[in-house]
Amino acid sequence: VPDSEATPDEPAPEPEYSEDGVDLSLIRWMLSLTPAERLQFLEQRIRDILAIRELNARK
Amino acid sequence: MPGNNLFAALRSLHDNRIEFILVGGLAGVLSGAPLQTYDVDIVYCRDPENVERILRWVGEVDAIFRIQSARRLRPNETHLQGAGHLNLLTRYGPVDLLAFAGSNLGFAELLPHSTAMDIGEGIRIRVLNLEKLIEIKEELGTGKDKAALPILRQTLRELRKKGSQPMR
């Protein structure tokens, strides 16, 4: 359940990018984690990617 | 094919009391940069005692050179005392042992530019800080290093804006 819901006529928040195209929301989210959580997140992503690769290699 | 377990690779280095500093993309991730990386890059202390501990670790994690991996070549003491990059494959995935990073910066030179970070289970490792990581990547200037720079620089800006340290 979201903390608050946008009203139907409310526009979606504008994505924030730096001048060279870096997603600032992603950086801010990463900075909200501890180093241990960042490591876990990266490991999970790697596992997911390798699983998808393996699945497709078998086809 | 060996698994890719970054935490287990770092824990094995820590448990063997190896003196090292984490550098490369994973150091950036631990400092908050949303980068994708698959290996563990460390700069190690080349003191004879540490080299001995690394040799024990090599056996424990079944480390072999990634190049010509079919020959299953193990790094030895001479390799570890040299100045090269040892690109290894271990039971926990790829681990690169570097005698130096950037323009001949060894363990002692990088130590003041590193921070101890808790990576879970009470394990603390030394991680190269973002400022030095950016400096080294700017110096190296390869395509891969250049690609990571905008994210690293922006992460450093955000960190400074937050007025916080990479650790929480």
Legend entry - Phi-based couplings in Hz for the stretch B:44-59 (Karplus 6.51, -1.76, 1.60; Gly and Pro marked x): 10, 6, 9, 4, x, 5, 5, 4, 4, 5, 5, 4, 5, 4, 3, x
Legend entry - Heavy-atom SASA rank of B:162, B:132 (probe 1.4 Å, accessible area, largest first): B:162, B:132
Inset, instruction - Please report, in debye to the nearest 20, how large the charge dipole of the protein assembly as shown is about its Cα centre when each Lys and Arg carries +1 at its beta carbon and each Asp and Glu carries -1 there. - result: 840
Legend entry - Among B:120, B:142, B:92 - extreme Cα towards positive end, dipole of the stretch B:72-168, charges at beta-carbon: B:120
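Tell me the Kirkwood radius of the stretch B:27-89: reciprocal of the mean inverse pair distance over distinct alpha-carbon atoms, in Å.
Hydrodynamic radius (Kirkwood, Cα only) of the stretch B:27-89 equals 13.2 Å.
Would you mind telling me the share, in percent, of accessible area of chain A contributed by carbon and sulfur at probe 1.4 angstrom?
54
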Legend entry - Efficiency of FRET from Cβ geometry, residue A:55 and residue B:83, R₀ 35 Å, rounded to 0.05: 0.25
Legend entry - Separation of alpha-carbon centers, the stretch B:15-40 and the stretch A:1-56, rounded to whole Å: 20
Inset, instruction - Indicate, rounded to the nearest 5 percent, the antiparallel portion of the DSSP beta bridges found entirely in the stretch B:1-136. - result: 75
Legend entry - Inter-site label distance for residue A:7 and residue A:48 at 7 Å from Cα along Cβ, in nm: 3.4
Legend entry - Integer Hz, Karplus 6.51/-1.76/1.60 couplings in order for the stretch B:96-112, x for Gly and Pro: 9, 9, 10, 6, 9, 10, x, 8, 6, 9, x, 3, 5, 6, 7, 3, x
Inset, instruction - Ratio to report: Rg/Rh of the protein assembly as shown, with Cα atoms as the point set and Rh obtained by the Kirkwood method; give two decimals. - result: 1.01
Legend entry - Cut-off under 5 Å, modelled amide H: who pairs with residue B:127 long-range: B:22, B:115, B:116, B:117
Inset, instruction - Let me know the Rg and Dmax you get for chain A when you use only its Cα atoms, in Å. - result: 17.0, 47
Legend entry - Angstrom value of the Kirkwood radius, inverse mean 1/r, which spans all Cα pairs in the stretch B:1-139: 15.0
Legend entry - Over chain B: helical MRE at 222 nm, DSSP H runs n ≥ 4 each giving -39500 (n - 2.57), nearest 500: -12000 deg cm²/dmol
Legend entry - From phi via Karplus (6.51, -1.76, 1.60), per-residue ³J(HN,Hα) for the stretch B:15-26 in Hz, x at Gly/Pro: 5, 8, 6, 7, 8, 8, 10, 6, 10, x, x, 5
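The values are calculated or read from the model by the stated rules, or taken from the named source; none is laboratory data. None of these values were measured; they are calculated from a predicted model. No Cβ is skipped: glycine too gets one built from the backbone with ideal geometry, and neighbour counts run over all protein chains shown. The accessibility values were calculated without ligands, DNA or RNA, using every heavy atom of the protein model including side chains. Shrake-Rupley method; radii C 1.70, N 1.55, O 1.52, S 1.80 Å.
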